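Heads up: the structure comes next, in structure tokens.
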Amino acid sequence: MDTREPADDAVAGRGLAASLLGDVSGLADDMLTYLVDRIPEVGGDAELRGLTLGSCSSNLEAVLSMFRHGIDVSAVEAPVTELEHARAMAARGHSVDVMLRFYRLGHEYFTERLADSLHDWIEDPAVALRTFADLERFGFRYIDRISSLVAAEYVAELDRRQNQARAERDDVVRTLLAGERVDSARAERVLSHRLTGRQIGFVCWTTDRGVDLTAFAQQVGRHL
């Protein structure tokens with residue numbers, strides 16, 4: 001019995017999306033392997049692999065469900081697993097470009113799998129081509145929006161961590177300058193600076209917000 005859809009673009013597209021939705025778990029596993037093979041930063045990081053798998057599953061289910069039910073891309077919200085994935089990438093010091101490679105390569109995988117599925121589901125070549133174009137266009141818009149959302153979360157997490165590290169450094173410096181007792185090992189870790197031997201300190205400031213005081217202080221420190 002031929003189970004392929006008749007030559008109706010909308011019906012064919014919804015049918016293909018529904019078919020792929022039935023195998024989201026398998027697709028997510030395949031996508032994870034595809035990404036791990038191409039992004040060395042994942043390496044042996046079990047937590048990051050788990051978050052990547054969750055992100056693959058969430059994205060596939062969301063994009064296929066939205067297309068199947070005619071939901072506009074503007075309604076997209078980043079799933080919790082994707083936001084946590086972005087935070088994990090920031091915490092590990094990976095660049096935002098590395099993080100976004102997951103989405104670019106994930107889209108590549110989705111496109112390849114979509115092309116492989118068309119002939120099995122849609123009989124009319126013309127309808128298959130139009131359906132492919134519709135799904136690919138929708139998938140691109142979905143990835144474009146989701147990439148912006150996770151990039152914003154990555155930057156926010158990076159800011160949080162930098163502010164926390166800055167506050168911790170300030171607290172250690174104030175404690176040292178006040179002559180109070182401090183855990184030397186912790187202080188050296190926080191400051192990335194050995195506290196043994198003679199110490200030289202200096203103060204610098206600016207009214208220009210465009211000046212990178214940290215970089216300037218490092219230059220002065222090297223000179224001294």
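For the range 111-125, give me each residue that is open to solvent by 100 Å² or more (accessible area, probe 1.4 Å) and acidic (D, E).
D116, D120, E123
Only one of these conditions is not met by E168: (1) modelled with pLDDT of 85 or more; (2) in contact with a helix residue (DSSP H, G or I) (Cβ under 7 Å, 6 or more places away or on another chain); (3) within 25 Å of R92 (Cα to Cα). Which number is it?
Among (1) modelled with pLDDT of 85 or more; (2) in contact with a helix residue (DSSP H, G or I) (Cβ under 7 Å, 6 or more places away or on another chain); (3) within 25 Å of R92 (Cα to Cα), the lone unmet condition for E168 is (1).
Here are F138, F132, F216: which of them is more than 29 Å from A86 (Cβ to Cβ) and open to solvent by less than 80 Å² (accessible area, probe 1.4 Å)?
Criteria check complete, one pass: F132.
Can you name every residue in the range 19-77 that is at pLDDT 90 or above, within 16 Å of the chain's Cα centre (by Cα) and among the β-branched types (V, I, T)?
V36, I39, T52, V76
If I filter the range 115-132 for residues that are in a helix (DSSP H, G or I), charged (D, E, K, R) and modelled with pLDDT of 90 or more, do I get at least one hit?
no
Output the residues belonging to the range 138-188 that are outside any helix (DSSP H, G or I) and among the hydrophobic types (A, V, I, L, M, F, W, C).
A178, V182
Looking at (1) farther than 30 Å from E82 by Cβ; (2) open to solvent by 100 Å² or more (accessible area, probe 1.4 Å); (3) within 34 Å of the chain's Cα centre (by Cα), find the lone condition where H223 falls short.
H223 satisfies every listed condition except (3).
Before we move on, is V203 out of contact with any strand residue (DSSP E or B) (no Cβ under 6 Å at 6 or more places or on another chain), in a loop (DSSP other than H, G, I, E, B) and exposed (fewer than 10 other Cβ atoms within 10 Å of the Cβ)?
Against the criterion (out of contact with any strand residue (DSSP E or B) (no Cβ under 6 Å at 6 or more places or on another chain), in a loop (DSSP other than H, G, I, E, B) and exposed (fewer than 10 other Cβ atoms within 10 Å of the Cβ)), V203 qualifies.
The values are calculated or read from the model by the stated rules, or taken from the named source; none is laboratory data. These numbers were taken from a predicted model, which means no experiment stands behind them. In this analysis, Cβ positions are derived from the backbone assuming ideal geometry, glycine residues included, and neighbour counts consider all displayed protein chains. Quick note on the areas: whole protein, heavy atoms, side chains included, nothing else; ligands and nucleic acids left out. Shrake-Rupley method; radii C 1.70, N 1.55, O 1.52, S 1.80 Å.
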